[in-house]
Amino acid sequence: DQQVKQNSPSLSVQEGRISILNCDYTNSMFDYFLWYKKYPAEGPTFLISISSIKDKNEDGRFTVFLNKSAKHLSLHIVPSQPGDSAVYFCAAANINMEYGNKLVFGAGTILRVKS
Amino acid sequence: DTGVSQDPRHKITKRGQNVTFRCDPISEHNRLYWYRQTLGQGPEFLTYFQNEAQLEKSRLLSDRFSAERPKGSFSTLEIQRTEQGDSAMYLCASSSHESAEAFFGQGTRLTVV
């Protein structure tokens with residue numbers, strides 16, 4: 001039962017253009033969403049997050065959009081740089097400040113930024 | 001503090017042997033998580049500690065797996081009688097009580113031959 005889905009296994013983008021990575025979820029209890037970036041042989045690195053009370057969060061070149069009615073979120077990277085080439089994971093959580101927040105991850109999207 | 005630290009980075013073991021991995025979280029974080037990642041998949045939750053208490057375990061965590069966090073600082077994950085299906089990247093993450101963002105270590109790559 002995949003509660004978080006990233007339907008595009010890979011994406012190739014030209015340097016300087018926009019990269020859009022998509023993520024869908026099925027569990028309506030999720031109320032916090034995160035994006036992680038992962039290079040080979042390293043652990044995931046936190047990028048950006050968004051609470052379900054918002055529909056947009058921006059941090060530099062990275063913007064995450066959340067559409068709760070569609071249970072869909074997307075990560076926009078603009079402009080894309082060759083160093084952005086990595087695997088990007090979408091993750092979701094049901095926030096519980098008392099008992100912690102386990103993350104449910106998608107399978108990831110490989111982003112290749114061509115120079 | 002340099003972040004979450006895991007040891008060893010790589011482990012090759014023969015089937016049937018026991019292995020133990022260590023995780024040192026970010027020092028001010030009271031929450032610690034173990035995840036497992038296999039090729040082509042995202043990390044899957046295994047277990048979670050708040051301070052020294054193990055509060056949740058995934059059904060993925062069979063009886064051969066045990067995790068501890070004595071004194072609420074570092075944590076160990078032990079796998080007994082390893083099987084080839086245990087081959088994976090084992091990731092540790094930590095977070096503070098106030099934040100949902102988890103910060104990951106570099107992982108331990110286990111290969112069971």
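Values quoted throughout were computed directly from the atomic coordinates according to the rules given, and no laboratory measurement underlies them. Just so you know, these numbers come straight off a predicted model, no measurement behind them. Positions of Cβ are backbone-derived with ideal geometry, glycine not excepted, and every protein chain shown enters the neighbour counts.
For chain A, modelled as a Gaussian network with Cα springs under 10 Å, which listed residue fluctuates most, A:Lys71, A:Lys56, A:Lys102?
Of A:Lys71, A:Lys56, A:Lys102, the most mobile in the Gaussian network model is A:Lys102.
Which of the aspartates and glutamates could a cross-linker span from B:Lys71 if the Cα-Cα distance has to be under 20 Å and same-chain partners fewer than 8 positions apart are dropped?
A:Glu98, B:Asp1, B:Asp7, B:Asp24, B:Glu28, B:Glu52, B:Glu56
Could you tell me the ratio Rg/Rh of chain B? Both radii from Cα atoms, Rh via Kirkwood.
Reported Rg/Rh, Kirkwood definition of Rh: 0.95.
Which residue, B:Thr20, B:Thr82, B:Pro8, has the largest displacement toward the positive end of the dipole of chain B when charges sit on each Cβ (Lys, Arg +1; Asp, Glu -1)?
B:Thr82
In whole angstrom, and with the biggest value first, how far do the Cα coordinates of the protein assembly as shown range along each principal axis?
The Cα atoms of the protein assembly as shown stretch 49, 38, 37 Å along their principal axes.
From the residues A:Leu75, A:Ser49, A:Phe33, which one has its Cα farthest along the dipole of chain A in the positive direction, the dipole being from +1 and -1 charges on Cβ of Lys/Arg and Asp/Glu about the Cα centre?
The listed residue farthest towards the positive side: A:Leu75.
Can you pull out the GluC sites (Glu not before Pro) in region B:40-113 whose DSSP state is coil and whose Cβ has at most 14 other Cβ atoms within 10 Å?
Hits after loop and neighbour filter: B:Glu52, B:Glu83, B:Glu98.
How big is the dipole moment of chain A about its Cα centre under a simple scheme where the beta carbon of each Lys and Arg is +1, that of each Asp and Glu is -1, and everything else is neutral? Debye, nearest 20, please.
In total the dipole reaches around 240 debye.
Quote the charge dipole size of chain B about the Cα centre in Debye, to the nearest 20; the model charges only the Cβ of Lys and Arg (+1) and of Asp and Glu (-1).
Dipole of chain B, to the nearest 20 debye: 560 debye.
Given a 10 angstrom Cα cut-off, can you work out which residue in A:Ile18, A:Ile77, A:Ile50 is the most mobile in a GNM of chain A?
A:Ile18
For chain B, set up a Gaussian network in which alpha carbons nearer than 10 Å are linked by springs, and say which option among B:Ala100, B:Ala53, B:Ala67 fluctuates the most.
Between B:Ala100, B:Ala53, B:Ala67, it is B:Ala100 that shows the largest mean-square fluctuation.
Inside 10 Å of the C-beta atoms of B:94-106, what's the mean count of C-beta atoms belonging to other chains?
The shielding value for this peptide is 5.
How crowded by other chains is A:38-48, given as the mean number of beta carbons from other chains within 10 Å of each beta carbon?
So the per-residue partner count for this stretch is 5.
Students often get this wrong, so check it: of A:Lys5/A:Lys68; A:Lys38/B:Lys57; A:Lys5/A:Lys37; A:Lys68/A:Lys102, which have C-alpha atoms separated by over 18 Å?
Beyond 18 Å: A:Lys38/B:Lys57; A:Lys68/A:Lys102.
Using a 10 angstrom Cβ neighbour count of at most 14 plus a DSSP loop assignment to flag exposed trypsin sites (Lys or Arg not before Pro), which longest range of chain B is free of such sites?
B:16-58
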